[in-house]
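Peer 1: Sharing a structure here in structure tokens format.
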Amino acid sequence: MSSKSTWTTQRCKSPELKMDVDETVADRQDRLPGFSTARLRESCVLLVGAGGLNGAVAGPLVRKGIGQLEICDHDRVEVSNLNRQPYYASDLFEPKAHRLAANAAREGQQGTSVLGHFTPLTEQNAAFLSAEADVVVCGVDNNRTRAVASRILRQAGIPVIFCAVSETADYGWLFVQEPIGPCIGCVFPRIAAAEGERQPCRAVPAVADILHTIAGLVMYAIDSLLMERPRGWNFRSVHLVGTTTDVIDTVTSRAGCALCGGQAEPQKGAT
């Protein structure tokens, strides 16, 4: 069930726990090498899509103490969402972006501001929606939206984490697109050709197992973009069955990419 109604925004805020004790809510995570809750509190993340993948990212990101979280989606909560996404019976048929904003805000104790925008990301609104963002997570099942996000956010100098899972719910991948270097079209040429498509690709009936597996990698990628946490890859894929090897890779630009016009990186020793 979806709607093309006028864009509306819901604002929520997490409580900020204040107690007369020696430790803070962020005490344990700030002991990790390179982790900085202070940096997180200064940052904004935009989630494009409020489905299974970003639903698994929103609550934990608020718990970690992100300063501002924004969510955009034009769909409404359906009955079939309830077994795999962070929604409840009381959320049914309400805008996903609004309900995910409210539900995620309740997960935190560090004063996170959460905004849910009842609208898809489009060519016309992408710049506005991402104006405050330090990182964008594109967790949609729509190649046209992926192509638009890749091109416009690259022009804006904002890194984007693209992620998806398979229809069989046993495989997932993510790719970190930075302002310089390969784009999502360099990895998947079909996405590069999709910007002019009218129809989205088929929705994925995934279960929580693979969604939370990929969401964990997305969370780490966000940390690596905002803080000093190391990351030696820009592409990961995970196969839950185990009969196919997982991939950890550093993808390079593809010559003639229709999305970014990337130039192939020279071979070692080439002139």
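The values are calculated or read from the model by the stated rules, or taken from the named source; none is laboratory data. Everything numeric in this text was worked out from a predicted model, so none of it was measured. Every residue, glycine among them, receives a Cβ derived from its backbone with ideal geometry; neighbour counts consider all protein chains shown.
Peer 1: Does Arg202 satisfy the condition of being under 19 Å from Val48 (Cα atoms) and either modelled with pLDDT under 95 or not in a helix (DSSP H, G or I) (or both)? Before you say what the answer is, go through the steps one by one.
Peer 2: Numbers: under 19 Å from Val48 (Cα atoms): yes; either modelled with pLDDT under 95 or not in a helix (DSSP H, G or I) (or both): yes.
So Arg202 passes the test.
Residue by residue, here is whether (1) closer than 20 Å to Val160 by Cα; (2) surrounded by fewer than 20 Cβ atoms within 10 Å (Cβ to Cβ); (3) over 15 Å from the mean Cα position of the chain (by Cα); (4) at pLDDT below 95 holds:
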residue: Ala50; (1), (2), (3), (4): yes, no, no, no
residue: Gly55; (1), (2), (3), (4): yes, no, no, no
residue: Gly59; (1), (2), (3), (4): yes, yes, no, no
residue: Asp75; (1), (2), (3), (4): no, yes, yes, no
residue: Asn83; (1), (2), (3), (4): no, yes, yes, yes
residue: Tyr87; (1), (2), (3), (4): no, no, yes, no
residue: Asp91; (1), (2), (3), (4): no, no, yes, no
residue: His98; (1), (2), (3), (4): no, no, yes, no
residue: Ala104; (1), (2), (3), (4): no, no, no, no
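Peer 1: Also, I was wondering about something else. On the given criteria, is Val114 crowded, with 23+ Cβ neighbours inside 10 Å, over 13 Å from Val48 (Cα atoms), touching a Pro at 6+ places or on another chain (Cβ under 7 Å) and modelled with pLDDT of 95 or more? Walk me through how you get there before you give the answer.
Peer 2: Values: crowded, with 23+ Cβ neighbours inside 10 Å: yes; over 13 Å from Val48 (Cα atoms): yes; touching a Pro at 6+ places or on another chain (Cβ under 7 Å): no; modelled with pLDDT of 95 or more: yes.
The answer is no for Val114.
Peer 1: Taking Gly139, is it surrounded by fewer than 22 Cβ atoms within 10 Å (Cβ to Cβ), of a type outside the set (Val, Ile, Thr) and touching a residue at least 40 places away in the same chain (Cβ under 8 Å)?
Peer 2: Values: surrounded by fewer than 22 Cβ atoms within 10 Å (Cβ to Cβ): no; of a type outside the set (Val, Ile, Thr): yes; touching a residue at least 40 places away in the same chain (Cβ under 8 Å): yes.
Against the criterion (surrounded by fewer than 22 Cβ atoms within 10 Å (Cβ to Cβ), of a type outside the set (Val, Ile, Thr) and touching a residue at least 40 places away in the same chain (Cβ under 8 Å)), Gly139 does not qualify.
Peer 1: While we're here: For the structure I just gave you, tell me whether Val251 is in a helix (DSSP H, G or I), under 20 Å from Glu178 (Cβ atoms), β-branched (Val, Ile, Thr) and touching a strand residue (DSSP E or B) at 6+ places or on another chain (Cβ under 9 Å). Break it down stepwise before answering.
Peer 2: On the way: in a helix (DSSP H, G or I): no; under 20 Å from Glu178 (Cβ atoms): yes; β-branched (Val, Ile, Thr): yes; touching a strand residue (DSSP E or B) at 6+ places or on another chain (Cβ under 9 Å): yes.
In short, no.
Peer 1: Next up: Looking at (1) in a helix (DSSP H, G or I); (2) over 25 Å from Leu17 (Cα atoms); (3) in contact with an Asp or Glu (Cβ under 8 Å, 6 or more places away or on another chain), which is the one condition that is false for Ser80?
Peer 2: (3) is the only condition that Ser80 fails.
For every residue, the table says whether it meets (1) touching a Phe, Trp or Tyr at 6+ places or on another chain (Cβ under 7 Å); (2) within 27 Å of Leu153 (Cβ to Cβ); (3) of a type in the set (S, T, N, Q).
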| site | (1), (2), (3) |
| --- | --- |
| Thr24 | no, no, yes |
| Leu40 | no, yes, no |
| Leu47 | no, yes, no |
| Ile71 | no, yes, no |
| Arg76 | yes, yes, no |
| Ala89 | no, no, no |
| Gly108 | no, yes, no |
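Peer 1: Looking at Glu70 and the list (1) modelled with pLDDT of 95 or more; (2) among the charged types (D, E, K, R); (3) over 14 Å from the mean Cα position of the chain (by Cα); (4) surrounded by 20 or more Cβ atoms within 10 Å (Cβ to Cβ), which single condition is not satisfied?
Peer 2: (3)
Peer 1: Quick one: in region 1-39, which of the residues that are out of contact with any helix residue (DSSP H, G or I) (no Cβ under 6 Å at 6 or more places or on another chain) and hydrophobic (A, V, I, L, M, F, W, C) is modelled with the lowest pLDDT?
Peer 2: Among those that are out of contact with any helix residue (DSSP H, G or I) (no Cβ under 6 Å at 6 or more places or on another chain) and hydrophobic (A, V, I, L, M, F, W, C), it is Met1.
Peer 1: A follow-up question, please. Please specify each residue of region 154-182 satisfying the condition of being assigned to a loop (DSSP other than H, G, I, E, B) and either hydroxyl-bearing (Ser, Thr, Tyr) or at positive phi (or both).
Peer 2: At the first step, the residues of region 154-182 found to be assigned to a loop (DSSP other than H, G, I, E, B) are 156-159, 166-170, 178-182.
Result: Gly157, Ser166, Thr168, Ala169, Gly181.
Peer 1: Something else about it: If you scan region 43-75, which residues turn out to be part of a strand (DSSP E or B) and closer than 14 Å to Val140 by Cα?
Peer 2: Passing the criteria: Leu46, Leu47, Val48, Ile71, Cys72, Asp73, Asp75.
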